[in-house]
Amino acid sequence: MSVDGEVRRLRSEADEPGWEVDPDDDWGVAVVATVGRQLRLRREAVGMRAAEFGAAVGYGEDMVYKIEGGKRIPRPDYLDRADEVLGAGGLLAAMKEDVKKVRYPKKVRDLAKMEAQAVEIGVYVGASIHGLLQTPEHARALFEARQPPYSEEEVERLVTARMARKSVFEKSPAPSLSFVQEEAALRRRIGGTMVRRRQLEHLLEVAQLRNVTFQVMPTDTDAHPGVDGKIEVLKFADGTAVGRSDSAFNGRLTSDPRELRILELRYGIIRAQALTPGESLAFVEQVLGET
């Protein structure tokens, strides 16, 4: 691609949706404002005008002002090019990690933070496979099915955010993770045969981790406390816990001991009614064989 073509591509991508700053995300606003201020100060320190700098990094003058003013999230390649052009020695490029997190929806960041801090996670899911258990292809197929449709840029942003949550599996010491998954979600034909097969294979891989307990709730079982929606309980090293349920306490997150006891009681009954971990592995293998 020619230099002019590359510049046009970068400018076009910079204008895509998904790089705006959410005004309700205080942390994100602060990060982008700080990065923008650092970019402006370094540009001015070397005596470059915005138009000149924009030409050097492949972006328009208007986009330079938006980024420096904290109105637009800079793309990773923008920070890389700015670091090189301004001779920042890697300091600007190093901001990519925080900037990347800003692009995750705030509620996803908050959830990922809690999951990363938890020493024990218990989850019952009905309609879909839990986010921590999804492959990128499965997650992408789910997001692409949403209506009104997301832009391709937003789909990629959401998939990236969901996959980032899976770092919980890499923690040391490893947290205790318990999942109860409805049979119907395992049988739903999402993303085509190969995507579905890879998702089932991934479930088998995760289910055999020593810190993971995976159970399947058969469709032909009796009514149980999870039929009205998802239940999640997260416990932390300091003895505190949070939980939520689609069908309790208006679906809000709770740390109230009495309400947590109710959620734990419901989750315990669900686990007792589900297939054992061994039976669940055999069940997933059976569904995989039928796919």
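The values are calculated or read from the model by the stated rules, or taken from the named source; none is laboratory data. If you're wondering where the values come from, they're calculated on a predicted model, not measured in any experiment. We place every Cβ from the backbone using ideal geometry, glycine too, and count neighbours over all the protein chains shown.
Points worth noting:
- When each of R266, R258 is tested for being in the same structural domain as L200 (by TED's automatic domain parsing), touching a residue at least 40 places away in the same chain (Cβ under 8 Å) and part of a helix (DSSP H, G or I), the lone residue that passes is R266.
- Residue tally, condition closer than 25 Å to E154 by Cα and surrounded by fewer than 21 Cβ atoms within 10 Å (Cβ to Cβ), over segment 76-94: 6
- Hits in segment 237-270 - residues which are surrounded by fewer than 13 Cβ atoms within 10 Å (Cβ to Cβ), in contact with a strand residue (DSSP E or B) (Cβ under 7 Å, 6 or more places away or on another chain) and not small (G, A, S): R252
- Residues in segment 198-236 that are more than 11 Å from F179 (Cα to Cα), acidic (D, E) and either in contact with a helix residue (DSSP H, G or I) (Cβ under 9 Å, 6 or more places away or on another chain) or modelled with pLDDT under 95 (or both): E201, D220, D222, D228.
- Residue within segment 208-226 that is within 19 Å of Q117 (Cβ to Cβ) and aromatic (F, W, Y) present: no
- Test: residue in segment 152-170 that is outside any helix (DSSP H, G or I) and at pLDDT below 90: no
- Test for V227: is it under 21 Å from the mean Cα position of the chain (by Cα) and either assigned to a strand (DSSP E or B) or β-branched (V, I, T) (or both): no
- For L91: the one exception among (1) in a loop (DSSP other than H, G, I, E, B); (2) aliphatic (A, V, I, L, M); (3) within 28 Å of P173 (Cα to Cα): (3)
- Hits in segment 171-187 (condition: within 14 Å of V119 (Cβ to Cβ) and in a strand (DSSP E or B)): S176, L177, S178
- Filter result (of a type in the set (V, I, T), modelled with pLDDT of 90 or more and within 30 Å of R165 (Cα to Cα)) within segment 44-102: I67
- Among residues of segment 162-178 that are touching a residue at least 60 places away in the same chain (Cβ under 8 Å), those with a beta-carbon under 6 Å from a residue that is buried (at least 18 other Cβ atoms within 10 Å of the Cβ) and not aromatic (F, W, Y) at least six positions away or on a different chain give the pairs S178/G122.
- Positions within segment 42-54 being farther than 13 Å from P74 by Cα and crowded, with 16+ Cβ neighbours inside 10 Å, in sequence order: R42, R43, M48, A50, F53
- Residues in segment 107-120 that are buried (at least 20 other Cβ atoms within 10 Å of the Cβ) and either assigned to a loop (DSSP other than H, G, I, E, B) or at pLDDT 90 or above (or both): A118 only.
- Residues that are loosely packed, with under 14 Cβ neighbours inside 10 Å and either over 23 Å from the mean Cα position of the chain (by Cα) or not assigned by TED's automatic domain parsing to the domain that holds F283 (or both), drawn from segment 209-220: R210, T219, D220
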